[in-house]
1. Can you name the condition, by its number, that B:Leu41 falls short on among (1) more than 26 Å from A:Leu132 (Cβ to Cβ); (2) open to solvent by less than 70 Å² (accessible area, probe 1.4 Å)?
2. Considering segment A:116-136 alone, what residues qualify as being under 31 Å from the mean Cα position of the chain (by Cα) and modelled with pLDDT under 85?
3. From A:Val351, A:Val323, which residue is of a type in the set (A, V, I, L, M, F, W, C) and modelled with pLDDT of 90 or more?
4. Name the pairs: first residue in segment A:147-173 and closer than 15 Å to A:Ser133 by Cα, second residue assigned to a helix (DSSP H, G or I) and open to solvent by 20 Å² or more (accessible area, probe 1.4 Å), Cβ to Cβ under 6 Å, at least 6 apart or on different chains?
5. Do any residues in segment B:111-140 that are assigned to a loop (DSSP other than H, G, I, E, B) have Cβ atoms under 7 Å from those of residues that are exposed (fewer than 12 other Cβ atoms within 10 Å of the Cβ), where the two are at least six apart or on different chains, and which pairs are they?
6. Give segment B:210-253 a look and list any residue that's out of contact with any strand residue (DSSP E or B) (no Cβ under 6 Å at 6 or more places or on another chain) and on the phi > 0 side of the Ramachandran plot, or say none.
7. Could you list all residues from segment B:316-338 that are open to solvent by 30 Å² or more (accessible area, probe 1.4 Å), modelled with pLDDT of 90 or more and within 30 Å of the chain's Cα centre (by Cα)?
8. Scan segment B:76-96 for residues that are in contact with a helix residue (DSSP H, G or I) (Cβ under 7 Å, 6 or more places away or on another chain) and free of Cβ contacts under 8 Å to residues at least 40 places away in the same chain and report the count.
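The values are calculated or read from the model by the stated rules, or taken from the named source; none is laboratory data. Quantities reported herein were computed from a predicted structural model and do not represent experimental measurements. FYI the Cβ positions are ideal-geometry reconstructions off the backbone, even for glycines, and counts take in every protein chain you see. Protein only, heavy atoms only, side chains kept; ligands, DNA and RNA dropped before computing areas. Shrake-Rupley method; radii C 1.70, N 1.55, O 1.52, S 1.80 Å.
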Amino acid sequence: MLDLRNVSKRVGNSTHIDSISMQMEKGSLNVLLGPTLSGKTTLMRLMAGLDRPTSGDILMDGKSVVDVAVQKRNVAMVYQQFINYPAMTVYENIASPMRVAKVDDTTIDRRVREAAALMKLEPYLDRTPLNLSGGQQQRTALARALVKDAELVLLDEPLANLDYKLREELRAELPKLFAETGAVFVYATTEPQEALLLGGKTATLHEGRVTQFDETIRAYNQPCDLQTAQTFSDPPMNIVPVQKQGRQFVFGNTKVAAANGAGALADGDYKLGIRPHHMALEKPTGAAMKLDCTVSTTEITGSETFVHLKSADVGLVALTHGVHRVEIGQPITAYLDQSRLFVFDSDDRLVAAPVSGAGGEG
Amino acid sequence: MARITLDKIAHSYDPHPKTDADFALKQLDYDWEDGGAYALLGPSGCGKTTLLNIISGLLVPSQGHILFDGADVTQLQPEERNIAQVFQFPVIYDTMTVRQNLAFPLVNRRVAGDEISKRVNEMIEVLDLADKADRKARGLTADEKQKISLGRGLVRYDVNAILFDEPLTVIDPHMKWQLRTKLKDLHRQLGHTMIYVTHDQTEALTFADKVVVMYEGEVVQIGTPEELFDEPAHTFVGYFIGSPGMNVIPCEVEGKKARIGATEVKLNKSYRPSDKSTDLGIRPEFITLKSGRTGIPAHVEAVEDIGRFKIVRTNLEGNQVNVVLQEGEPVPADPKLVFDASRINIYQDSHLVQGEA
């Protein structure tokens, strides 16, 4: 198990990592999710032993590794910018950690071919990396990390430079591999969708702090605060500032009943959060807050359409199924379904969440 | 602005191509309409950059002609074609201010001073760079720099076309939303002919009125986003568009029936049996999982909950069949697959075939 205890990293006056504690089991996949500069790479460098924490301790199976040199640790890393040995063939690139570890040739051959099959590299084993596309080079680096019997594997946005179809396939395959090797896997990404596809556990990072570390689907369904909800939403969660008055939330001249335990909250200022796919453009069956909007733009992802809206200066995004063309500037009514609302208090703490989000009946 | 005509264009990097496979770009005839927003979409190595280079003039095709508004430009150099290009990485001058960077392409073309300031001010406004306009480009973030690159491409009003080669690759996902939206707006406001190369379906479908899907050097479909989703002309389009992509299941057809191993699937249209390899294509969105007697028994191999929907990976006679369930929809015990017959497409040798009513 990899155990981080109050790990901080300060450089001069600025705090890059702010007292992070997290425990990662063997054979587990741990996603670090956050935008660029949120601290993902810095945290990975601390885990790898490339940098030393300013304070706090890092333990591997109960023993502190802070003073162990990186060469003495059994760590594999894959970066966004792929790194291979340019003079070696793909085969030898993948085999190299096993050559160093003096693994016998039969085992090397079997494992190189297994890893190559998985990464769809079989036709390229005799080529050198510079004769490959970027995607093929990165798959070579991933294959090498997989065959090295590391106890800690750090993947820093490894799929960012690949075609999205290849990403889709690798994301589905990688978690299974991770579980098989028994190593602690840490995977950094800026994309919420990628974290959800990978599963496992997710730590959401914001300005060097872990805002939540939980089962991935739970962190998504029950974000502890607004920051976590925003980090874990692409496009961002819609936020509507409201006032609670009695049993209702009020925004301008529209209102909705405070459901899902929110009825008991004290009167005052709150923020309602609603994910784009719960922002309806057709009247839902249950009670809903009605918002008069204009269409700013639309985006199409292949099977879904994002409709960007504006309502009284609040920017909102609705996701609809299928491919739709909506006219820009067109007035449209959007609905906030009362059963789908996240409620945040004035300190941005989550105070009520949709029941259905937990995966039950919708 | 110009209409761009590809007249029997093909290209091989081999000076003496023998077979079809030697062509990086197989023969293509197409008219790019004046003022259209197009995307070239495909995986790496599909030939999209080859095609872009032929349009820009970096590459002379081994075969065929390229015409701008009817005039043959096949042998013209890039600078003689009057085309603006935006690349994957920002191309700007660090020591110049944002304003100077935007003005540079106009200054080079000896545009009058007051015309330059008018165009540059417009561009600064549409790109939301007003507060940075007089700062040196050095020290700006990657996405601000790329915005300037976009601006430099867009600032000239006399270009025949603007070509974008994966311009959002280096941009953070949060910023991508904004820049994608911005480009779309700009096309609407300025009406340039724009050709946008990408391997990302969201960028292509969002930006373009017409998407050109390429696969192994061949244009396999040119269509609107709706057409690519509803009726992929090639199994590759079905697979490449949509996440997860269309299920492609080997089958045999006869009349209004498709046979997948021992399983029979009802079709809305009638097809003649064929010696060609035949596949049934259906998107994961158009399959439902039901308990009870109707439907095709399937073995559930994995369920991936990704928040707003679930991907259920099932096995049907040795074929993986993905089903998408909406949030909160449970996976029934002993589930059966029910295909929406109106959404089934039939493919022979990977190409869509039309059935008879």
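1. (1)
2. If the condition is that a residue be under 31 Å from the mean Cα position of the chain (by Cα) and modelled with pLDDT under 85, then A:Leu118, A:Met119, A:Lys120, A:Leu130, A:Leu132, A:Ser133, A:Gly134, A:Gly135, A:Gln136 are the ones that fit.
3. Checking each option against the conditions leaves just A:Val351.
4. Listed pairs, sorted by first residue: A:Leu159/A:Arg167; A:Asn161/A:Gly134.
5. B:Arg138/B:Thr95
6. Selection gives B:Glu216, B:Gly242.
7. Across segment B:316-338, the qualifying residues are B:Asn319, B:Gln320.
8. Final tally of qualifying residues: 1.
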